[in-house]
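**Q** Quick one: this structure, given as structure tokens, is what I'll be asking you about.
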Ligand code: PAF
């Protein structure tokens, strides 16, 4: 079956209403395009759970800060459409900026707390942009289920919090990060890496695995993260924004291992033009 491309909220709602009349379960996979195998794993998870799947494609201007890559963010709608069609998605929702942010739209969604730490510290207003657009997309699609990658782990926690607090009935699912064979997490921004940088990039994941293992063995969290930062710099990363061990829900820093409290190791570091983020569970 060929996928249909929908550009307006009205047409999207009409489609979802028709599916609902037939008692079909609807899933949505929000994306900014430049799709890769990681996105396809979200579509697959959605197809496993839902009868009909919408993939949204919208490069959201409000989640990019000054000096970030909004204007050069890769845009490849034709290729993306083909990929999700092959995978079996039913609708591609690709609205314009005017459709998503009509003149006069002033409401923003903030999740104070989870949006101020880690990524939020280094990318002020990023999560307000994410929370606002995701709230809009969930309200527009009115899906039963929505699927997001664990690669953006903090984003996932922000989205879970806002759906809980705003009583949005869509169930949020986190889907495991897809990695290259050498451990590098798939990301649309990996295409900014030069050949030499690409060889260095997987060290980020290797260092996180090492931190998780030593933390489980009883080493002190802060000391491990300090060592990890230095290892990344020594390997060629230009700067390290953070390496932390945090509670998997609140994202508050953890310094001692507690097997009863699921924790994550999270990091962000710059390599050439790319800013890479990654995270893993301490207990895997
Ligand atoms: O993870 C992304 O691609 C984006 O942040 C999202 C969730 C589609 C919102 O623009």
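**Q** If a/c stays under 1.5 just call it rounded; otherwise compare a/b with b/c (prolate if a/b is bigger, oblate if not). Do that for the range 1-58, with a ≥ b ≥ c from the square roots of the Cα gyration tensor eigenvalues. Could you put the intermediate results ahead of the total?
**A** Details: a/c = 2.36, a/b = 1.31, b/c = 1.80.
Cα axes put the range 1-58 in the oblate bin.
**Q** If you don't mind, another one. Ranked highest first by the average count of other Cβ atoms within 10 Å around their residues, in what order do 72-79, 132-139 fall? Walk me through the numbers on the way to the answer.
**A** Numbers: 72-79: 12.6, 132-139: 20.8.
The densest-packed peptide leads the list: 132-139, 72-79.
**Q** Tell me whether the range 43-120 comes out rounded, prolate or oblate; compute the Cα gyration tensor, take square roots of the eigenvalues as a ≥ b ≥ c, and use a/c under 1.5 as the rounded threshold.
**A** Values: a/c = 1.82, a/b = 1.54, b/c = 1.18.
It comes out prolate by the Cα gyration axes.
**Q** Still on this structure, please answer the following. To the nearest 0.05, how large is the calculated FRET efficiency for residue 70 and residue 219 if R₀ is 45 Å and r is the Cβ-Cβ distance? Before the final figure, lay out the partial values.
**A** Details: r = 40 Å, r/R0 = 0.89.
Once the sixth-power term is evaluated, E becomes 0.65.
**Q** So what is the relative contact order of the chain, in percent, for Cα pairs below 8 Å that sit 6 or more residues apart? Write out the running numbers ahead of the final one.
**A** Numbers: 514 pairs, mean separation 47.5, N = 284.
Rounded, it is 17 percent for the chain.
**Q** Answer rounded, prolate or oblate for the chain, using the Cα gyration tensor with square roots of eigenvalues a ≥ b ≥ c: rounded when a/c is under 1.5, else prolate when a/b is larger than b/c, else oblate. Walk me through the numbers on the way to the answer.
**A** Details: a/c = 1.78, a/b = 1.63, b/c = 1.09.
Prolate shape, in that a/c is at least 1.5 and a/b is the bigger ratio.
**Q** Okay, next question. Using 18 Å as the cut-off for backbone N distance, which residues of the range 232-255 belong to the label zone defined by a point 7 Å from the Cα of residue 284 along Cα→Cβ?
**A** So the set is 232, 243-249.
**Q** Using only the alpha-carbon atoms, how far is helix 9-21 inclined from the longest principal axis of the chain? Give it as 0 to 90 degrees, nearest 10.
**A** 80 degrees
**Q** Using 0.36 nm per residue of separation minus the Cα-Cα distance, give me the extension gain between residue 209 and residue 227 in nm, one decimal.
**A** 5.2 nm
**Q** For the range 1-136, what does the relative contact order come out to in percent, with C-alpha contacts under 8 Å and a separation of six or more?
**A** Normalised by residue count, the contact order of the range 1-136 is 31 percent.
**Q** Helix 221-235 sits at what angle to the longest principal axis of the chain, using alpha carbons and giving 0 to 90 degrees rounded to 10?
**A** In the chain, helix 221-235 runs at an angle near 90 degrees to the longest axis.
**Q** Here's something else I'd like to know. For the chain, what does -39500 (n - 2.57) per DSSP helix run (n ≥ 4), summed and divided by total residues, give at 222 nm, in deg cm²/dmol to the nearest 500? Mind dumping the intermediate values first?
**A** Numbers: 10 runs with 109 residues, N = 284.
Rounded to the nearest 500, the figure is -11500 deg cm²/dmol.
**Q** While we're here: Just want to confirm a number: the relative contact order over the range 161-284, from Cα pairs under 8 angstrom separated by 6+ residues, in percent. Numbers along the way, then the final one.
**A** Values: 190 pairs, mean separation 30.2, N = 124.
In percent, rounded to a whole number, it is 24.
**Q** Shifting gears a bit: Using 1/(1 + (r/R0)^6) with R0 = 30 angstrom and r between the beta carbons of residue 180 and residue 106, what's the FRET efficiency to the nearest 0.05?
**A** Numbers: r = 42 Å, r/R0 = 1.40.
Calculated value: 0.10.
**Q** Another question, if that's okay. Can you tell me the 0 to 90 degree angle between the C-alpha axis of helix 126-141 and the longest principal axis of the chain, rounded to 10?
**A** 30 degrees
**Q** Can you give me the distance in nm between label points at residue 116 and residue 25, each placed 7 Å from the Cα along the Cα-to-Cβ direction?
**A** That separation, rounded to one decimal, is 3.9 nm.
**Q** Describe numerically, in nm with one decimal, the distance between label points set 7 Å from Cα along Cα→Cβ at residue 125 and at residue 79.
**A** Between residue 125 and residue 79, the label points sit 3.0 nm apart.
Each value in this text was obtained by applying a stated rule to the coordinates, not by laboratory testing. The structure displayed is predicted, hence computed values, not measured ones. Note that each Cβ is placed from the backbone with ideal geometry, even for glycine, and that neighbours are counted across all protein chains shown.
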